[in-house]
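Asker: Pasting a structure here, questions to come.
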Amino acid sequence: MSVLRSVVLGCGAYLPERVLGNAELASTVDTSDEWIVQRTGIRQRHIAAVGELTSDLAIHAARAALANAGVDAQSIDLIVLATSTPDQTFPATAVSVQAALGIHHGAAFDLQAVCTGFVYALATADSLLRAGNAKRALVIGAETFSRILDWTDRGTCVLFGDGAGALVIEAQPQKGTREDRGLLTTHLRSDGRHKTKLYVDGGPSSTGTVGHLRMEGRAVFKHAVAMITDVIDAAFKATGYTANDITWFVPHQANKRIIDDSAHKLGIAPEKVVITVDKHGNTSAASIPLALNVAVKDGRIKRGDLVLLEAMGGGFTWGSALLRW
Ligand code: ACO
């Protein structure tokens, strides 16, 4: 039986030029390199320049992904952009990307699921491709979290950074087996009972302001590993694959301790885990494509590899995707 699968054609990423290291941060906030590295694994983060917008980061990442895929922007008929830090309340940041790429056809929209945004965007684009609504999509995660941080709150400002990453995916006929290339299964979850554990204290309909990120760090940590393992178990159950079959585990890059604990609980060997959080901190929806891009460019992820993605974040939201590269 022939089925349509969303196959990855290429990936790209972009980090703003300005690097803010832990030591420099410790000169303005009561923290230390040692504390941040020990609790999170983060050593530095990138900060967007004045006037550099989420769409600017997204456009760089999208262009890099198109070049890596070797396809023309005109062949893209769908852009799904995950972000919690859009340029404006509306229009969607995705349409700025679409315009900058000179695309005047198809559809472009934003999607917001905080740190799980990229998994949600990938699952959404995959559904639209498999339903025949589009043929080739740009799936982007792009954030400027530096703009919503309270730089006097050491409990949150040390954790996040700015960046963007993108994948080009295309609907291709496959055999309909778990050996197929492309997205094999996706699983999305949310539970709004946890919405006050990680949120932004502003918004157009509440305060009329942008607001700042607020978080109960311990509560997030407590739920993260259980939620991540739940949704990865669902991916294993749906495909019959196990932790041993995974070639690469590319988790949302929030915190090295959460990543290590999740991999350990799932029985995924440490050498299969792609970790880049040390280089850019938590870039929310951008973190998975940023990590994918590093592992593809350094030759770790190759065609045919079984790649497992997961994320968890504000809402709470959480999700997984299993794909053959
Ligand atoms: N530097 C130095 N000390 C700090 C800092 C800091 N940046 N931040 C907090 N502390 C202090 C606290 O004030 C507290 O001091 P006290 O004992 O004198 O009261 C002490 O360190 C311990 O604070 P906790 O918040 O209990 O520290 P914890 O070990 O839980 O680590 C952290 C905090 C890193 C935020 C942890 O809870 C965590 O990783 N949570 C997950 C959060 C996360 O990753 N969120 C990302 C978004 S969600 C997602 O993407 C999965």
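Asker: Show me the strands (runs of 3 or more DSSP E) entirely contained within the range 1-68 in which 1 or more residues are in contact with an Asp or Glu (Cβ under 8 Å, 6 or more places away or on another chain), touching a residue at least 60 places away in the same chain (Cβ under 8 Å) and surrounded by 19 or more Cβ atoms within 10 Å (Cβ to Cβ).
Answerer: By residue number, 3-14, 44-47.
Asker: Got at least one residue in the range 93-105 being surrounded by 18 or more Cβ atoms within 10 Å (Cβ to Cβ) and part of a loop (DSSP other than H, G, I, E, B)?
Answerer: yes
Asker: Also: When the residues of the range 274-311 are narrowed to those that are open to solvent by 20 Å² or more (accessible area, probe 1.4 Å) and among the aliphatic types (A, V, I, L, M), which ends up farthest from ILE47 (Cα to Cα)?
Answerer: VAL296
Asker: Related question: Regarding PRO270, is this residue more than 11 Å from the ligand (Cβ to nearest atom), surrounded by fewer than 18 Cβ atoms within 10 Å (Cβ to Cβ) and at pLDDT 95 or above?
Answerer: Spelling it out, PRO270 is indeed more than 11 Å from the ligand (Cβ to nearest atom), surrounded by fewer than 18 Cβ atoms within 10 Å (Cβ to Cβ) and at pLDDT 95 or above.
Asker: Is it fair to say LEU183 is touching a Leu at 6+ places or on another chain (Cβ under 6 Å) and farther than 18 Å from ASN255 by Cα?
Answerer: Yes: the conditions hold for LEU183.
The values are calculated or read from the model by the stated rules, or taken from the named source; none is laboratory data. The shown structure was predicted, so the numbers you read here are calculated from the model rather than taken from an experiment. Note that we place each Cβ from the backbone using ideal geometry, even for glycine, and neighbour counts take in every protein chain shown. What goes into the accessible areas is simple: the full protein's heavy atoms, side chains included, and nothing from ligands, DNA or RNA. Shrake-Rupley method; radii C 1.70, N 1.55, O 1.52, S 1.80 Å.
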